[in-house]
1. Determine whether segment 21-35 contains at least one residue that is part of a strand (DSSP E or B) and either among the small types (G, A, S) or surrounded by 13 or more Cβ atoms within 10 Å (Cβ to Cβ) (or both).
2. In this structure, is K35 modelled with pLDDT under 80 and either farther than 18 Å from R24 by Cα or not β-branched (V, I, T) (or both)?
3. Does any residue in segment 116-137 that is under 20 Å from L60 (Cβ atoms) come within less than 8 Å, Cβ to Cβ, of a residue that is in a helix (DSSP H, G or I) and modelled with pLDDT under 85 six or more places away or on a different chain, and which pairs are these?
4. Does segment 116-127 include one or more residues that are modelled with pLDDT under 85 and either among the β-branched types (V, I, T) or assigned to a helix (DSSP H, G or I) (or both)?
5. What's the total number of residues in segment 62-75 that are surrounded by fewer than 17 Cβ atoms within 10 Å (Cβ to Cβ) and within 26 Å of L95 (Cα to Cα)?
6. State all residues of segment 50-79 that are more than 20 Å from M39 (Cα to Cα) and either assigned to a loop (DSSP other than H, G, I, E, B) or in contact with a Cys (Cβ under 6 Å, 6 or more places away or on another chain) (or both); if no residue qualifies, say none.
7. What are the pairs, 6+ residues apart or on separate chains, where a residue within segment 41-60 that is within 21 Å of K86 (Cβ to Cβ) and modelled with pLDDT under 90 has its Cβ under 8 Å from a residue that is β-branched (V, I, T) and part of a strand (DSSP E or B)?
8. If you scan segment 81-91, which residues turn out to be touching a strand residue (DSSP E or B) at 6+ places or on another chain (Cβ under 7 Å) and surrounded by 14 or more Cβ atoms within 10 Å (Cβ to Cβ)?
Amino acid sequence: MSQSKGFRKSKPEKKPASSNTAKRKEAAKRYDELKAKGMPEFNIFARRRQPAPGQPNPWLPVGSLAVGRSSAIHQAIFQNEEELKKAAVRLFPRLGKVKDDLEFGFRLKDKDFQDEPIQVAIRPQPSPLQVWMAKIRGWLGLSGKGTSKKG
């Protein structure tokens with residue numbers, strides 16, 4: 001005797017995780033490790049650098065970062081700038097048209113700091129030593145890309 005299967009044809013197959021999903025999972029794991037060590041956590045926000053005249057320009061939450069020390073947040077934001085832009089567009093599709101015109105801000109991630117103003121992130125300027133080393137690499141034909149490991 002055969003058993004009827006019903007109207008459902010088959011179970012839908014799960015899509016394999018994309019490389020971006022894998023990157024986000026790895027970043028979440030590193031974030032959790034830093035958080036467990038008691039490192040400062042920050043909420044990261046984005047908005048248009050130059051809003052349209054007469055339009056509101058609210059800060060929109062795009063993610064969180066944990067860093068070794070509070071003074072390193074500016075550098076961490078700009079090291080992760082491309083991923084933060086992708087997150088901003090994924091969460092707020094309307095930002096896709098202006099993703100290259102975004103500015104980022106941050107605030108400590110704690111209930112006690114929710115009424116604090118969001119601080120605008122400032123792109124760190126390279127030190128004179130870094131500029132000098134970049135010139136040397138250029139003269140030697142070394143780009144420096146691919147030789148350093150992100151950790």
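1. Within segment 21-35, none of the residues are part of a strand (DSSP E or B) and either among the small types (G, A, S) or surrounded by 13 or more Cβ atoms within 10 Å (Cβ to Cβ) (or both).
2. Numbers: modelled with pLDDT under 80: yes; either farther than 18 Å from R24 by Cα or not β-branched (V, I, T) (or both): yes.
Considered against the rule, which asks whether it is modelled with pLDDT under 80 and either farther than 18 Å from R24 by Cα or not β-branched (V, I, T) (or both), K35 comes out as yes.
3. Going by the 8 Å Cβ cut-off, there are no qualifying pairs.
4. Within segment 116-127, none of the residues are modelled with pLDDT under 85 and either among the β-branched types (V, I, T) or assigned to a helix (DSSP H, G or I) (or both).
5. Residues of segment 62-75 that are surrounded by fewer than 17 Cβ atoms within 10 Å (Cβ to Cβ), as a first pass: 64, 68-72, 75.
Keeping just the survivors that are within 26 Å of L95 (Cα to Cα) gives 64, 75.
Here the count works out to 2.
6. Correct list: Q50, P51, A52, P53, G54, Q55, P56, N57, P58, W59.
7. Listed by first residue and then by second, the contacts come to nothing, as the list is empty.
8. Within segment 81-91, L84, K85, A87, A88 meet the criteria.
The values are calculated or read from the model by the stated rules, or taken from the named source; none is laboratory data. It should be emphasised that the depicted structure is a prediction, and the values quoted were computed from it without experimental measurement. All Cβ positions, even for glycine, are placed from backbone atoms using ideal geometry, and neighbour counts span all protein chains on display.
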